[in-house]
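The values are calculated or read from the model by the stated rules, or taken from the named source; none is laboratory data. Quick caveat, the model's predicted, so the values are computed rather than measured. Don't worry about glycine lacking a Cβ; one is built from the backbone with ideal geometry, like all the others, and counts go over all protein chains shown. For accessibility, only protein heavy atoms count, side chains too; no ligands or nucleic acids. Shrake-Rupley method; radii C 1.70, N 1.55, O 1.52, S 1.80 Å.
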Amino acid sequence: AGVVIRSEDGGVTWTRRPTPFDRHVFGLHATAPGVVLAVGDYGLQLRSTDGGAHWACIPREQDVILGRIASAGEDAIGAGEFGTLERLPRGIPPGRRGVLAGVPPDLYLFDVWADAEGVVGVAVGLGGAVVRSEDGGATWSRVAVPFERDLFGVGGSGARVVVSGEGGLIALSEDAGRSFRSIDSPIAT
């Protein structure tokens with residue numbers, strides 16, 4: 001409902017910081033100390049330069065739900081509904097939309113990850129959707145995976161990428177997201 005929380009002591013205590021909107025915030029990305037981009041419902045894009053005390057709205061043409069935003073080298077990549085994958089120079093909208101190959105145009109993406117250089121990226125979404133980019137997010141292609149459950153999270157380091165999803169699904173890639181295998185999950189279905 002347009003609220004973010006902030007910690008100034010490494011996560012020991014938190015303070016509510018309302019934004020000027022009541023739209024849900026789903027993703028945050030810090031580009032510098034005190035500089036934050038928030039994304040969410042109905043194309044919400046807000047930027048703060050004072051650690052969340054004040055927010056400025058950044059309008060966007062497309063009214064889509066934006067789910068997550070992740071670092072991609074010096075930039076950021078945002079993911080959302082209708083196959084939205086956008087590279088944001090220095091983490092500032094507007095972004096450059098990536099081209100999707102081999103996926104339906106109404107694909108809902110929940111999360112995105114990029115390697116430290118911002119060259120290789122993996123995004124995940126509904127129905128076991130995994131898409132991958134090798135060109136900094138300019139183009140994204142479908143990755144064949146051995147599962148069809150909804151995927152909600154992705155993260156990694158180097159060539160190791162992990163996705164998580166419905167029913168406790170955890171899958172691992174050891175080749176930078178080219179292929180995945182399910183691994184045992186400590187989470188009950």
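The set of residues in region 106-119 that are over 20 Å from residue 41 (Cβ atoms) and not in a strand (DSSP E or B) comprises 115, 116, 117, 118, 119. Count of region 73-100 residues, restricted to those that are touching a Pro at 6+ places or on another chain (Cβ under 7 Å), assigned to a loop (DSSP other than H, G, I, E, B) and within 14 Å of residue 133 (Cβ to Cβ), is 1.
Report every pair of residues separated by at least 6 positions or lying on different chains whose Cβ atoms are under 6 Å apart, first residue within region 129-153 and more than 16 Å from residue 179 (Cβ to Cβ) and at pLDDT 95 or above, second part of a loop (DSSP other than H, G, I, E, B) and open to solvent by 40 Å² or more (accessible area, probe 1.4 Å). Filtered contacts from region 129-153: 136/119.
Check 122, 103, 162 and return the single one that is outside any helix (DSSP H, G or I), open to solvent by less than 30 Å² (accessible area, probe 1.4 Å) and modelled with pLDDT of 95 or more. The conditions single out 122.
Out of all the residues in region 166-177, which are crowded, with 16+ Cβ neighbours inside 10 Å and not in a strand (DSSP E or B)? Scanning region 166-177 gives 176, 177. Of everything listed in (1) in contact with a Phe, Trp or Tyr (Cβ under 8 Å, 6 or more places away or on another chain); (2) buried (at least 21 other Cβ atoms within 10 Å of the Cβ); (3) not polar (S, T, N, Q), the single unmet condition for residue 86 is (1). Does residue 92 satisfy the condition of being among the hydrophobic types (A, V, I, L, M, F, W, C), surrounded by fewer than 17 Cβ atoms within 10 Å (Cβ to Cβ), modelled with pLDDT under 90 and closer than 28 Å to residue 157 by Cα? Against the criterion (among the hydrophobic types (A, V, I, L, M, F, W, C), surrounded by fewer than 17 Cβ atoms within 10 Å (Cβ to Cβ), modelled with pLDDT under 90 and closer than 28 Å to residue 157 by Cα), residue 92 qualifies. Would you point out the residue of region 125-146, among those that are in a strand (DSSP E or B) and touching an Asp or Glu at 6+ places or on another chain (Cβ under 9 Å), that is nearest to residue 175 (Cα to Cα)? So the residue we want is 141. Taken together, the residues in region 61-75 that are out of contact with any strand residue (DSSP E or B) (no Cβ under 6 Å at 6 or more places or on another chain) and open to solvent by less than 20 Å² (accessible area, probe 1.4 Å) amount to 0. Looking across region 17-65, the residues that are at positive phi and part of a helix (DSSP H, G or I) come down to 42, 43. Only a single item in (1) hydrophobic (A, V, I, L, M, F, W, C); (2) at pLDDT 90 or above; (3) touching a helix residue (DSSP H, G or I) at 6+ places or on another chain (Cβ under 6 Å) is not met by residue 65, and it is number (2).
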